[in-house]
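Notes for the one structure printed next.
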Amino acid sequence: MGGTERKYVADAFDTDWIVPLGPHVDEFERRLAAYLAQDKQLLALSAGTAAIHLALVCLGVGKDDEVVCQSLTFSASANPIAYQGARPVFVDSEPDTMNISPAALADALDSRRKATGAYPKAIVAVDLYGMPAKWDEIEAIASERGVPIVEDAAEALGSRYKGRCCGTFGAFGALSFNGNKIITTSGGGALICPDEDSRRKALFFATQARENLPYYYHKHIGFNYRLSNICGAIGCGQMEVLPERVARRQAINAIYASELSNRGGIRVQGNPGSEYESNFWLTTVQFDDETAPERIRTALAARNIETRPLWRPMHMQPVFADAPYYGGDNAERLYRHGLCLPSGSVLNDKQIMRVCSTIKELI
Ligand SMILES: *Cc1c(COP(=O)(O)O)cnc(C)c1O
C-alpha cells in the first residue's frame, strides 16, 4: 500500500458506503480515466477476468462463436471465451514482444473464414508482462477484416505504445487490480469502453441485467461484477503511487539488463524499440539452454529467491486440447527457455543485485 488508502477506506466507512458502488468507485474510475488520458469510459469491476468476460458479452460473442486468443498468456485471457460457450482459436507469439504474432493472426483469421465461412467474432490480444503488443500491425489486420479486439492489459497499466497507454487499444481494454498486479485493490479490474453507450451496456450486464422498470424484469442473463466501494477506496489511494510503482519496476528491469546482459547464454527482455515503453510488471529472461530455467529456478529457490516459469501456452493446456492453433513454435520456445525474475516494486537495489550475482554464479 502507498499510505493514503486507509484514509479513503475510513472515509468509505464513515459515510457508510459499504456496497458495490459509491463515491470511491466513481472517483477511482475518474482517476483511471485521467491517467489513461484518452477519450475512454471506465467501468470498475470485481476482477480483470470479469472485464474480459463483459467485453465479449458486449461484442455479442455467444455459443459456438470462434474467438482468437494469444496462446502465450495466463488462462484468464481465454477462460471468458469458454464462459460464453464460444470456442478459442489460439495464435502464436512473435519473439520481440512475446505477444500475438501479426502474421499468425492474419493467417488464423483468414483460415478460420475459409473453414467456417465467417471471421472469428473477436480477438483477445495481450500485453504480456507489461510489454505492449505490436499494436499498429495488429489493429490494421483486425480492422481490415472487421474483427474487434479486446486488449488484455491486465499486466500493463502504465505501459505505453507510441506514447499511448496500454488498455486503450482495440474496441475494449481490460485492467486488473489483483494482489499481484502493479497496483491492487486486493481484487478488482476495470473495463475500458470506447464510449458512454458501451459503458452503459457493460454496466447493465455487470449489475444482473435488470431492465429499467419499477419491478424486477430480465430479458438477458446478467452478472454480479461491480467493484466494492471499499476496494474503490483502496484504488483511489493506489492511483497516487502508480507512477512511482511503474518507475520502480522499470528501474529494476534496468538493473537486470545491465547486470545480466553481455553474459553468454542469457538475454533480459527489454523494450524492442523506441515505440515500446513497458511497465516491466515482471522482468523475464530467456536462456539459450532449454534445461537452464528449471535448473536455475530450483537453485535460486534453495537460496530463498523465488522465480517462476513463463505462462504455459494455452494450446499446451489439457483443458484447451481440442482448440485450433495457428503459428509456429515461438510461444512454446519462449515458455521453455524463459524465467520470470523477482520484480516486485518493494525490492531494493541490494536485493536485486543479490538475485543478479546469484544467477551469474549459477550460469
Ligand atoms: C491477472 C490477469 C488477468 C485476470 O485478472 P484478475 O483480476 O486476476 O481476474 C487476465 N489476464 C492476464 C494476462 C493477467 O495477468
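The values are calculated or read from the model by the stated rules, or taken from the named source; none is laboratory data. These figures come from a predicted structure and were not determined experimentally. FYI the Cβ positions are ideal-geometry reconstructions off the backbone, even for glycines, and counts take in every protein chain you see. What goes into the accessible areas is simple: the full protein's heavy atoms, side chains included, and nothing from ligands, DNA or RNA. Shrake-Rupley method; radii C 1.70, N 1.55, O 1.52, S 1.80 Å.
Would you please state which residues of region 53-82 a label at ALA118 would reach in this model, taking the label point 7 Å out along Cα→Cβ and a backbone N cut-off of under 20 Å? What the label zone holds, given the 20 Å backbone N cut-off, is 53-69, 80-82.
At 0.890 mPa s and 25 °C, plugging the Kirkwood radius over alpha-carbon pairs of region 294-363 into Stokes-Einstein gives what diffusion coefficient in µm²/s?
Calculated translational D: 174 µm²/s.
Extension gain for the segment THR4 to GLU144, taken as residue separation times 0.36 nm less the Cα-Cα distance, is 45.8 nm to one decimal.
Name the longest site-free stretch of the chain, where the excluded sites are trypsin sites (Lys or Arg not before Pro) in a DSSP loop with no more than 10 other beta-carbon atoms within 10 Å. Walk me through the intermediate numbers first.
Working: sites that count: LYS63, LYS219.
Maximal segment without exposed cleavage sites: 64-218.
Within straight-line reach of LYS114, meaning a Cα separation under 28 Å, sit the following lysines at least 8 residues removed in sequence or on another chain: LYS63, LYS134. If the cut-off is a Cα-Cα distance under 29 Å, which lysines reach LYS7, setting aside same-chain residues fewer than 8 apart in sequence? Answer for LYS7, where 29 Å is the Cα cut-off: LYS40, LYS181, listed by chain and number. Under the shape rule built on the C-alpha gyration tensor, where the axes satisfy a ≥ b ≥ c, region 129-258 is oblate, since a/c reaches at least 1.5 while a/b does not exceed b/c.
The residues of the chain expose, per residue, 42 Å² of accessible area to a 1.4 Å probe. The length gained by stretching the chain between ASP349 and HIS220 to full extension, at 0.36 nm per residue less their Cα-Cα distance, is 41.2 nm. Our estimate of slack between ALA301 and ALA254, defined as 0.36 nm per intervening residue step minus the Cα-Cα distance, is 14.6 nm.
Shape class of region 219-363 from the Cα gyration tensor (axes a ≥ b ≥ c, square roots of the eigenvalues): oblate, since a/c reaches 1.5 or more and a/b does not exceed b/c. GNM on the chain, C-alpha springs below 10 Å: top fluctuator among PRO194, PRO243, PRO120? Among PRO194, PRO243, PRO120, the largest mean-square fluctuation in the Gaussian network model of the chain belongs to PRO243.
So for region 1-120, averaging the separation of alpha carbon pairs under 8 Å that are six or more residues apart and normalising by length, what relative contact order in percent results? If you can, show how the numbers build up before the last one.
Working: 113 pairs, mean separation 18.9, N = 120.
Computed over region 1-120, the figure is 16 percent.
Between GLU361 and GLU294, the modelled label-to-label distance comes to 2.4 nm, taking each label 7 Å out from Cα in the direction of the beta carbon. Bridges between two residues of the chain, per DSSP, are antiparallel at a rate of about 60%.
Net charge within 15 Å of TYR8 by Cβ-Cβ distance, Lys/Arg positive one each and Asp/Glu negative one each, not counting TYR8 itself? Spell out each step's value before the answer.
On the way: positive: ARG6, LYS7, ARG30, ARG31; negative: GLU5, ASP11, ASP14, ASP16, ASP26, GLU27, GLU29, GLU240.
Result for the local shell: -4.
Mind giving me the FRET efficiency for ALA103 and ALA33? R0 is 56 Å, r the Cβ-Cβ distance, nearest 0.05 is fine. Calculated value: 0.95.
Given a 1.4 Å probe and every protein chain left where it sits, what share in percent of the accessible area of the chain is carbon and sulfur? The partial results should precede the final answer.
Details: 7610 of 15360 Å².
Of the solvent-accessible surface of the chain, carbon and sulfur hold 50 percent.
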